[in-house]
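Single-structure report; data block below.
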Amino acid sequence: MTDYDTVSAEVDHEEEIPEDHPRYQDLLTRHRIEKGVEKGITHLQGMHAEGRGSAFDYLLGEETIPSADAAERAAAAHLLLADRPVLSINGNVAALVPGEMAELADATGADLEVNLFNRTEERIQAIADHLREHGAEDVKGLEADASIPNLDHQRAKVDEDGIYAADVVLVPLEDGDRAEALDEMGKTEIVIDLNPLSRSPQVADVPIVDNIIRAVPNVTAHARELADADESELEAIVEEFDREAALEEAEERIRSGDL
């Protein structure tokens, strides 16, 4: 039997965290963010963002609720239908799910692009290298030769042949102002965010209210399941998804869930 009281949140390797620990996912995400800061791919502000997300995940019961799974299936269909799908990577995403994002890119034919609020060339390169270490073959975002309209900070910088030209963009753990700016560009936007009331999921075509460490593998699993689906089947999945109902179900779960 595991003595859970002896399990520290500060571990050298995530393998030291017992998978049957009742707060396993929380300990895992905290560990990965801490390692991301140490490695220079995650900004210190990312630790605060992760803390907020952890609180909402606790209220959701730390599980993928049915509406989130439906959103993840719709996200997979959108990415498979897209002409130019792109998966946006910030510091927290790189720390939490680098290999999982590489697998999603492989399953959907999407490009990976690094995009940071606290942007430095050193961080951009470190994240690109980190993604390649976890299976990514090509990483965009180093050029940043285009700009998202109506943004005046570093998050506006994108690759012209990446996010700027994309028709469908997955933006996990996204800032609200950038999510709104991408929406104004007319892009189909998939957002992963544990707070259904924040601006990012509120403007998303597909709001996924789920922990990113569950959400990204789920989208990949759906994409692989739908790999042989014809266009009409994928379009039906997209059409049937009810974004307002998904947000309402997530909010109701948070407000009245049995913890």
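The values are calculated or read from the model by the stated rules, or taken from the named source; none is laboratory data. Just so it is clear, the model here is predicted, and its values are computed rather than measured. As a convention, Cβ positions derive from the backbone with ideal geometry for all residues, glycine included, and neighbour counts pool all protein chains shown. These area figures cover heavy atoms from the full protein model, side chains too; ligands, DNA and RNA do not enter into them. Shrake-Rupley method; radii C 1.70, N 1.55, O 1.52, S 1.80 Å.
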**Report entry** Leu59, Leu226, reordered so the largest accessible area comes first (probe 1.4 Å)
**Finding:** Leu59, Leu226
Report summary line: Spelling it out for Ser147: with amide H atoms placed in the peptide plane at 1.01 Å from N, the residues 5 or more places away or on another chain with amide H under 5 Å from its amide H are Val158
Report task. Using a 1.4 angstrom probe on the protein heavy atoms only, line up Arg253, Arg155, Arg84 by accessible area, largest first. Result -> Arg84, Arg253, Arg155
Report summary line: Where a ≥ b ≥ c are root eigenvalues of the Cα gyration tensor, a/c under 1.5 meaning rounded, otherwise prolate if a/b exceeds b/c and oblate otherwise, segment 88-196 counts as rounded
**Report entry** 5 angstrom amide H check on Ile89, placed H, neighbours 5+ away
**Finding:** Glu113, Val114, Asn115
Query raised in the report: With all protein chains present and a 1.4 Å probe, how do His153, His134 order by accessible area, largest first?
Result: His134, His153
Report task. Taking a cut-off of 25 Å between Cα atoms, list the lysines near Lys157, but don't count ones fewer than 8 places away on the same chain. Result -> Lys39, Lys140, Lys187
Query raised in the report: What is the sum of charges around Val97, taking Lys and Arg as +1, Asp and Glu as -1, for the other residues whose C-beta is under 11 Å from the C-beta of Val97?
Result: 0
Requested in this report: Under 1.5 on a/c is rounded, so check that first for segment 179-259, then, if it is not, pick prolate when a/b is larger than b/c and oblate when it is not; a ≥ b ≥ c are the square roots of the alpha carbon gyration tensor eigenvalues.
Outcome: oblate
Query raised in the report: What does the charge count near Ala144 come to, summing +1 for each Lys or Arg and -1 for each Asp or Glu among other residues with Cβ under 11 Å from its Cβ?
Result: -2
Query raised in the report: Residue-wise, which Karplus ³J(HN,Hα) couplings in Hz belong to segment 93-104, taking 6.51 cos²θ - 1.76 cosθ + 1.60, θ = phi - 60°, and x for glycine or proline?
Result: 4, 4, 6, 7, 9, x, x, 5, 5, 5, 5, 5
